[in-house]
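The values are calculated or read from the model by the stated rules, or taken from the named source; none is laboratory data. Note that the structure is a prediction, hence the values are computed from the model and not measured. Counting neighbours? That spans all protein chains shown, and the Cβs are built from the backbone with ideal geometry, glycine included.
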Amino acid sequence: MPFSFKMIKNYFLLNRFLLENSPNLLGKPIVDLFTQAKDRLFAAIPSEALPDRHLIIDTSPNLPFLLIKKEHKKAKKNTKDFLTGLLPSEIKKIEIAQDDRIIKFSTVNFNIYFTIKSPKTNVYFLKGNNILSSFKNVNDPEIVDFLTSKKYVLPAEDFKRVIENYNNIEDLRKELPYFNKIIVGEYYSRTDLASEALNKTILTEILTEILFAPISIAISEGKLILSPSNWDLLQKAELLKEFENANEAFAYYISNLYKFNELRILRKELNQILDKRLEQFSQKLNKLKFRIDRGSKEATYRKYADLLQIH
């Protein structure tokens, strides 16, 4: 089964993104927070080598993601700024919730919480236990307690604990939804289906591959997919490109996903036009066939003419 775009927002791959990119962001200042595109928050985090670097936090319900662009320029108009009075602010720590897709950026002056919750995906700005603002305007009086009650850990710090208390893969999946069908499917491809006992060695191997193995972008069953390069679902897929890090894989995947979807929509529209033209052509052929089957009317018309002459 293809990943579609589910894996790019998976808990474990988000851990990988943070694990790879946190070292380059820690200790650096956020000098600007703004939006210039629907659902996207831009955080300008420059360094001496990368003066135009930005972290993109996309809050689209269907395709939320994190991405670092080494070069990005803020638009001169149609932008909205956030927390201007609290910037710049140095990033002190980057963590992820122990059991949820909530990413916390702790800075000197405030904390940023990126929550992936399908239609409620959002970014919240807090100072201590007080909410300063949010990227999308919402009225949720319980959000502060929800965010601050979570336990946050460093990326990939707690993977072994995640599975040590479970003995069955289905129970694990029920309790921890981020073990999605794709991960479970990969697990079953490597284990004895008749065994109900959780093979923790194989599951640890799979999680390690999500964290460290090369990432492939491919086409499978008409969909663009993203996966660790040695996974079973790639066996029948058309490989497009392989990457060593999550940020480059994400950038390529997102860019090509939109192109791929546009081509798929165009193909669908062309097929609809073609079907309509074929239907029109078929109707014309049927009318012509009907006239041919009825035969010529010449003899009938001559008979009528003769009768008129007689009378």
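For this structure, a couple of remarks:
- The residues of region 81-101 that are more than 20 Å from Thr35 (Cβ to Cβ) and of a type in the set (A, V, I, L, M), listed by number, are Ile94, Ile96, Ala97.
- Leu83 at positive phi and surrounded by 16 or more Cβ atoms within 10 Å (Cβ to Cβ): yes
- Selection from region 217-242 of residues that are polar (S, T, N, Q) and surrounded by 13 or more Cβ atoms within 10 Å (Cβ to Cβ): Ser220, Ser227, Ser229
- Unique residue being of a type in the set (D, E, K, R) and either at pLDDT below 85 or under 26 Å from the mean Cα position of the chain (by Cα) (or both) when the list is Lys127, Lys151: Lys151
- Selection within region 121-169: residues that are β-branched (Val, Ile, Thr) and out of contact with any strand residue (DSSP E or B) (no Cβ under 7 Å at 6 or more places or on another chain). The member of this set that is surrounded by the most Cβ atoms within 10 Å (Cβ to Cβ) is Ile169.
- A single member of Ile91, Ile103 is part of a strand (DSSP E or B) and in contact with a Lys or Arg (Cβ under 7 Å, 6 or more places away or on another chain), and it is Ile91.
- Region 54-66 - residue that is in contact (Cβ under 8 Å) with a residue 24 or more places away in the chain, of a type outside the set (S, T, N, Q) and surrounded by 20 or more Cβ atoms within 10 Å (Cβ to Cβ) and, of those, nearest to Phe17 (Cα to Cα): Leu66
- Beta carbons closer than 9 Å, at least 6 apart along the sequence or on distinct chains, pair a first residue in region 29-53 that is in contact (Cβ under 8 Å) with a residue 12 or more places away in the chain and part of a loop (DSSP other than H, G, I, E, B) with a second that is among the β-branched types (Val, Ile, Thr) and surrounded by fewer than 16 Cβ atoms within 10 Å (Cβ to Cβ) for Ile45/Val31; Pro46/Val31.
- Test for Ile96: is it within 22 Å of Asp158 (Cα to Cα) and either in contact (Cβ under 8 Å) with a residue 40 or more places away in the chain or surrounded by 15 or more Cβ atoms within 10 Å (Cβ to Cβ) (or both): yes
- If you go through region 171-197 and pick out every residue that is charged (D, E, K, R) and either in a loop (DSSP other than H, G, I, E, B) or crowded, with 17+ Cβ neighbours inside 10 Å (or both), you end up with 5.
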